[in-house]
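Here is the structure we will look at, set down as structure tokens.
The values are calculated or read from the model by the stated rules, or taken from the named source; none is laboratory data. Given the structure is predicted, the values throughout are model-derived calculations rather than measurements. Cβ atoms come from the backbone with ideal geometry, glycine included; neighbour counts cover every protein chain shown. To get the accessible areas, we keep the full protein, side chains included, count just its heavy atoms, and leave off ligands, DNA and RNA. Shrake-Rupley method; radii C 1.70, N 1.55, O 1.52, S 1.80 Å.
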Amino acid sequence: MAITGKPYAADNLAGILLHITQMKGVSLPAQTAIRAVAFLLEDAAAVEIASTSETLSSSAKQMNDTQMKLDDITSTLSGNNANTIIGTTTIDSQLEQMQSAVTSLTTQVKESSQQSGYKAALLSGLDNNPDLNSQTIQRAARDAIKARQILMNIAPTSPLAPGKLNHEQLITKIKAALTSLANEDSPELDVKAINQYRNGGIVIEMLTPEGATYLKKKDIKAEFIEKLDPTAMLKDRAYPVVIQFVPLTFNPSSEDQLRKLEQENSWESGAITPAHWIKPPEKRNDKQRVVYVILSFNNPNAANLGIRDGITLNQECLQMKKNKCEPIRCAKCQNYGHIVKECIYHKDTCANCSGEHRTSECNDKNRRCCVSCHSEGHASWDRSCPEFERKCADLDARQLENTMPYFLTDEAWTQMQAPPKAKPYARPNTTAHPDHPLPHTQDTLRRHLAPCGHKPMRGTHLPSSSGSPFRHSSQPCLPLPAISSSSIYE
């Protein structure tokens with residue numbers, strides 16, 4: 001995780017520690033402790049940089065005083081003799097160069113002190129990884145297009161519904177509504193592109209992001225809808241996140257509790273749009289006390305801060321992560337790549353036992369059989385299924401967003417990729433060789449080593465001749481010679 005070519009300074013070490021907290025398997029107490037150490041290192045680095053800046057500023061002030069004294073002495077002298085003695089011109093030019101260098105260096109130090117060590121480390125990491133940098137640029141370009149877009153839902157009975165207006169008429173009607181909103185304080189409201197889809201959705205791409213932001217204001221949005229179509233609805237772009245281990249006392253469908261959550265975490269009012277449980281309440285265990293909740297933000301910055309720093313709910317610290325895109329699995333046939341309304345199978349397949357019935361009608365609750373990998377031992381919905389993990393890996397390779405723990409913004413620390421997942425633990429091969437069975441007990445280990453002439457190492461508790469496991473031979477124990485693993489294991 002260290003950045004190539006960067007010294008192990010305090011700010012770089014802080015960046016490495018903050019990167020470690022994003023690794024899978026790090027517990028919440030460990031994350032909190034590691035982040036505390038990282039923040040202390042960043043503070044120490046900031047103090048050191050500030051001290052260096054003050055030292056340079058003091059040196060620059062002393063040089064200015066020296067130059068002023070030389071100017072005073074020079075003004076008292078006249079003629080070529082003075083120039084010959086002290087070389088005023090040469091000294092002045094050198095002092096100006098030194099003053100310029102010190103001023104430039106002081107400015108750079110002050111700028112670096114204002115920039116966090118973690119952000120600087122990430123910027124350096126992006127520069128050292130050209131492949132990631134190019135992917136990030138492409139992703140940033142797509143996000144720039146999304147920032148200029150307005151999403152609109154049109155009812156089937158609306159005069160703007162598909163088939164009721166041609167494309168030219170739709171453009172004329174939208175431009176007329178935008179023109180009526182223009183005033184001295186409004187930004188440029190020109191349209192770059194308009195796309196309408198079969199489901200009734202309309203995507204309006206503005207020429208500038210300022211124009212799109214202006215249309216998303218609450219009062220401007222209501223006026224635009226009123227002039228265009230009162231039955232239409234503008235949708236904010238959602239940034240979904242998952243909050244883990246939320247107490248059941250929290251109700252995501254309550255507007256009052258959502259507003260209280262916004263106030264407790266210092267978010268803007270209305271930052272949370274919809275929220276819902278991941279698992280339906282009717283499928284919960286009787287002893288279940290915590291659940292997972294999906295929240296959607298209309299602002300990526302608030303979502304990123306929650307992912308990085310965590311949130312508080314009723315004075316309880318909770319962790320939040322970005323909701324990744326996952327492979328689509330059909331609830332009818334249990335195969336990947338389509339949904340129920342696109343399924344061509346005529347019979348239902350159970351997600352638990354792979355029988356020809358609906359999952360809700362399964363009577364064999366203890367049987368598990370996966371449809372995707374054709375193996376027993378786990379259900380089709382099991383997240384540890386090899387086929388599901390392979391589909392997720394393929395999707396991550398195609399979508400850069402899945403490998404990034406934050407929503408991409410202009411902030412450099414959001415442009416990082418999560419470290420690769422550790423390989424799952426593989427049990428050692430316990431298959432014995434026909435000629436060399438595995439020594440399962442101390443007694444079989446003694447019988448296995450005796451023909452080879454090996455004596456046990458010091459400290460190995462082997463049964464003695466009298467049968468007591470705690471008595472050791474009086475003969476000295478010699479180190480065991482190196483044995484090839486092939487002589488014992490396959």
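Give me a count of the residues in the stretch 203-249 that are basic (K, R), part of a loop (DSSP other than H, G, I, E, B) and farther than 30 Å from E316 by Cβ.
2
Considering the stretch 219-237 alone, what residues qualify as being more than 36 Å from the chain's Cα centre (by Cα) and either of a type in the set (A, V, I, L, M, F, W, C) or within 13 Å of I202 (Cα to Cα) (or both)?
L228, D229
How about the stretch 195-218: which of its residues are of a type in the set (V, I, T) and either more than 34 Å from the chain's Cα centre (by Cα) or surrounded by 17 or more Cβ atoms within 10 Å (Cβ to Cβ) (or both)? Quick ask: steps written out before the conclusion?
So the first thing to find is which residues in the stretch 195-218 are of a type in the set (V, I, T), and the list is 202-204, 208, 213.
I202, I204 - these are the residues of the stretch 195-218 that are of a type in the set (V, I, T) and either more than 34 Å from the chain's Cα centre (by Cα) or surrounded by 17 or more Cβ atoms within 10 Å (Cβ to Cβ) (or both).
Can you find, within the stretch 188-239, the residue that is farthest from K175 (Cα to Cα) among those that are touching an Asp or Glu at 6+ places or on another chain (Cβ under 8 Å) and of a type in the set (D, E)?
Checked the stretch 188-239; the qualifying residue farthest from K175 (Cα to Cα) is E210.
Here are some residues: K260, K279. Which one is surrounded by fewer than 18 Cβ atoms within 10 Å (Cβ to Cβ), of a type in the set (K, R) and within 30 Å of S360 (Cα to Cα)?
On the way: K260 fails: within 30 Å of S360 (Cα to Cα).
Of K260, K279, the one residue that is surrounded by fewer than 18 Cβ atoms within 10 Å (Cβ to Cβ), of a type in the set (K, R) and within 30 Å of S360 (Cα to Cα) is K279.
Of the residues I339, I311, I344, only one is of a type in the set (A, V, I, L, M, F, W, C) and surrounded by 14 or more Cβ atoms within 10 Å (Cβ to Cβ); which?
Within the list I339, I311, I344, the selection yields I311.
Which residues, counting only those in the stretch 296-308, are in contact (Cβ under 8 Å) with a residue 24 or more places away in the chain and open to solvent by 30 Å² or more (accessible area, probe 1.4 Å)? Spell out how you get there, then give the answer.
Residues of the stretch 296-308 that are in contact (Cβ under 8 Å) with a residue 24 or more places away in the chain, as a first pass: 296-304, 306-308.
Scanning the stretch 296-308 gives N298, N299, N301, R308.
Based on what the data block shows, is K321 open to solvent by 40 Å² or more (accessible area, probe 1.4 Å), assigned to a strand (DSSP E or B) and either out of contact with any Ser or Thr (no Cβ under 9 Å at 6 or more places or on another chain) or closer than 29 Å to A38 by Cβ (or both)?
Taking the combined requirement at face value, the residue satisfies it.
How many residues are out of contact with any strand residue (DSSP E or B) (no Cβ under 8 Å at 6 or more places or on another chain) and polar (S, T, N, Q) when one looks only at the stretch 224-255?
Selection size over the stretch 224-255: 4.
Please determine, by comparing only the residues of the stretch 380-410 that are acidic (D, E) and modelled with pLDDT under 85, which one is most open to solvent (accessible area, probe 1.4 Å).
Within the stretch 380-410, the first condition is being acidic (D, E), and the residues that meet it are 382, 387, 389, 394, 396, 401, 410.
Now drop any that are not modelled with pLDDT under 85, which leaves 401, 410.
On the way: E401: 43, D410: 153 Å².
Step by step, filter the stretch 380-410, then rank; the result is D410.
Tell me whether the stretch 292-315 contains one or more residues that are within 30 Å of I34 (Cβ to Cβ) and of a type in the set (D, E).
Yes.
Residue under question is V293, and the condition is that it be in contact (Cβ under 8 Å) with a residue 60 or more places away in the chain and either open to solvent by less than 20 Å² (accessible area, probe 1.4 Å) or within 19 Å of the chain's Cα centre (by Cα) (or both); does it hold?
It is false that V293 is in contact (Cβ under 8 Å) with a residue 60 or more places away in the chain and either open to solvent by less than 20 Å² (accessible area, probe 1.4 Å) or within 19 Å of the chain's Cα centre (by Cα) (or both).
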